[in-house]
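This report concerns only the one structure given below.
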Amino acid sequence: MTKEFIYTKLQQYRLAVLATVSEGMRPEAALVGFAVTPGLEIVFDTVRSSRKYSNLCACPHVALVIGWKNETSIQYEGLASELGAGAGDEYKEEYYAVFPDGRQRAAEWKGLTHFVVRPSWIRYSNFNPPTVIEELTL
């Protein structure tokens with residue numbers, strides 16, 4: 001399995017389930033819209049009043065599940081970093097290319113911010129015959 005293969009697969013999807021952990025070590029999950037960079041980084045936005053924002057600030061280690069159609073999915077683990085004002089513009093542009101309305105949300109929604117997740121481990125699973133399960137450690 002190559003990075004190019006995973007990048008192509010990730011580009012087919014726009015939604016992911018993001019798992020975070022609260023300060024009290026309670027697991028929480030949220031559906032997020034995302035974009036992917038050629039370096040396999042995941043970019044998404046959220047508001048600072050959300051549970052996921054507090055969780056990401058307390059513990060930036062995250063897991064995502066992407067693409068569950070037809071028994072095919074990508075499990076993704078990595079470290080999330082907030083993109084501050086004026087920082088990470090190249091990541092935000094990747095996100096806006098997928099979600100053009102994101103630019104308007106960023107201008108109008110109070111407390112909207114962006115995160116980038118850099119991968120540490122990815123598993124591709126396709127349970128259709130012949131079954132394929134491959135991992136990539138980065």
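The values are calculated or read from the model by the stated rules, or taken from the named source; none is laboratory data. Source: prediction; values computed, not measured. Positions of Cβ are generated from backbone atoms using ideal geometry, with glycine treated the same way; all protein chains shown enter the neighbour counts.
Tabulated results
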quantity: Boolean, A35 is surrounded by 13 or more Cβ atoms within 10 Å (Cβ to Cβ), of a type outside the set (K, R) and farther than 20 Å from A87 by Cβ; calculated: no
quantity: Single match in M1, M25 (criterion: modelled with pLDDT under 95, surrounded by 14 or more Cβ atoms within 10 Å (Cβ to Cβ) and part of a loop (DSSP other than H, G, I, E, B)); calculated: M1
quantity: Conditions (1) within 15 Å of the chain's Cα centre (by Cα); (2) over 28 Å from T2 (Cβ atoms); (3) in a helix (DSSP H, G or I); (4) in contact (Cβ under 8 Å) with a residue 60 or more places away in the chain; number of the one not met by T46; calculated: (3)
quantity: The range 60-82: number of residues that are more than 20 Å from K3 (Cα to Cα) and modelled with pLDDT of 95 or more; calculated: 4
quantity: Pair list, Cβ under 9 Å, 6 or more apart: the range 1-23 residue under 14 Å from F44 (Cα atoms), other residue aromatic (F, W, Y) and part of a strand (DSSP E or B); calculated: L10/Y76; A16/F44; A16/Y76; L18/F44
quantity: Subset of the range 6-22 [part of a loop (DSSP other than H, G, I, E, B) and not polar (S, T, N, Q)]; calculated: Y13, R14
